[in-house]
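What follows is one structure encoded as structure tokens, with my remarks underneath.
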Amino acid sequence: MDHLASVDALIEGLASVGYIASRRIATALYMAVHLQKPILVEGSAGVGKTELALCTAALLRQPLIRMQCYEGLDESKALYEWKYGKQLLYTQILKDRLGSVLGEEPGLDAAMRRLHGVSDLFFSEEFLEPRPLLRALREPGGAVLLIDEVDKADQEFEAFLLELLSDYQVSIPEIGTVRAEVAPIVLLTSNSMRDLGDALKRRCLHLHIGLPDARLEARIIASRVPDAAEDLRRQLVAFVQQLRTLDLKKLPSVSETIDWARVLVLLHAHALEAELVRNTLNVLLKFESDIETAEPALGALLQQARREAEGV
């Protein structure tokens, strides 16, 4: 089956590798692949941004090349660096054989010309160590390139990315321009820790992944935690949906819902009980202040969740 033949085929294909995609997500990915445009995926942590890249690579059977961004990241870690140890070893060998390299050259200029030809070898392909960006461009059959949490990198690194995102090529001063024979599928993720530059955004399609509605979240839990009983699945999804209506520092995301479902299965739960929810609330909420906010409302939230689950 050609998973890229249509948006519907892509939705079905992603589901087959464990990613339950909304039509908006699948449409954005479909456009990114066929238009050969990078896609900037924004949203809070845990909504499935990174997972989208992982499952896309699995679906297309292409290698996933991941570059984790952080403050201070530069091209030597992202694009390439030189194998300094190997260069040092060869320098020592050259030093030992300096006389034979220079031969009987009569003057300094001639000797320097001879040495210049040798020194060029130290900045050739043999001494080049490719990093994620260069590896993605050189992958002969294409790759999925995940530039994860780009908002953690500096603005200077954003500027460095522009050539790659525009033309799928990079310039290495000592070697020249490296162009991709097969353009990688590029996904950049951002948790919106800072505003990204307009130049970067113009080169990308934009996709915001928000928290799912109850129907979509139930499908996700059914896919990721198939051992969860249907009644339990309905109740826990309804409870998490209600929990997100509270004034919390960090709302529970899909990843927390999945983890909670796995915990409930591990504890052999068949329905939500107040004591069970109270003892496992730390799986959903990551701040003590949020737990303190939620605990007084647990009874009402559970009652509402049960009513909504029964009405599904």
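The values are calculated or read from the model by the stated rules, or taken from the named source; none is laboratory data. Given the structure is predicted, the values throughout are model-derived calculations rather than measurements. Positions of Cβ are backbone-derived with ideal geometry, glycine not excepted, and every protein chain shown enters the neighbour counts. Remember, those area values only see protein heavy atoms, side chains included, never the ligands or the DNA or RNA. Shrake-Rupley method; radii C 1.70, N 1.55, O 1.52, S 1.80 Å.
Odds and ends about this structure:
- Here is the figure for segment 200-226: residues that are of a type in the set (Val, Ile, Thr) and over 15 Å from VAL240 (Cα atoms) total 2.
- Search result, residues across segment 134-156 that are open to solvent by 10 Å² or more (accessible area, probe 1.4 Å) and in a helix (DSSP H, G or I): ARG135, ARG138, LYS152, GLN155, GLU156
- Residue list for segment 15-55, filter: in contact with a Cys (Cβ under 7 Å, 6 or more places away or on another chain) and within 19 Å of VAL225 (Cβ to Cβ): VAL17, GLY18, TYR19
- Matching residues, segment 24-35, being within 21 Å of ILE258 (Cβ to Cβ) and either surrounded by fewer than 16 Cβ atoms within 10 Å (Cβ to Cβ) or of a type in the set (Val, Ile, Thr) (or both): ARG24, ILE25
- Given (1) assigned to a helix (DSSP H, G or I); (2) surrounded by 15 or more Cβ atoms within 10 Å (Cβ to Cβ), number of the condition ARG215 does not satisfy: (2)
- Taken as a whole, the structure leaves ALA5 outside the set of residues that are over 21 Å from VAL225 (Cβ atoms), of a type outside the set (S, T, N, Q) and not in a loop (DSSP other than H, G, I, E, B).
- Any hit, segment 289-307, residues being surrounded by 15 or more Cβ atoms within 10 Å (Cβ to Cβ), out of contact with any Pro (no Cβ under 6 Å at 6 or more places or on another chain) and within 22 Å of LYS49 (Cα to Cα): no
- Members of segment 10-64 that are closer than 27 Å to PRO252 by Cα and part of a loop (DSSP other than H, G, I, E, B): VAL17, GLY18, TYR19, ILE20, ALA21, SER22, GLY43, SER44, ALA45, GLY46, VAL47, GLY48
- Among the residues here, LYS249 does not qualify as touching a residue at least 60 places away in the same chain (Cβ under 8 Å), open to solvent by 50 Å² or more (accessible area, probe 1.4 Å) and over 26 Å from ALA15 (Cα atoms).
- Only listed residue being out of contact with any helix residue (DSSP H, G or I) (no Cβ under 8 Å at 6 or more places or on another chain) and of a type outside the set (A, V, I, L, M), chosen from HIS270, HIS208: HIS208
- Restricting attention to segment 218-232, the residues being open to solvent by 70 Å² or more (accessible area, probe 1.4 Å) and outside any helix (DSSP H, G or I) number 2.
- Checked against (1) closer than 15 Å to LEU35 by Cβ; (2) out of contact with any Leu (no Cβ under 8 Å at 6 or more places or on another chain); (3) of a type outside the set (Val, Ile, Thr), SER171 passes all but condition (1).
- Reported count of residues in segment 190-204, each being within 17 Å of PRO38 (Cβ to Cβ) and under 16 Å from the mean Cα position of the chain (by Cα), is 2.
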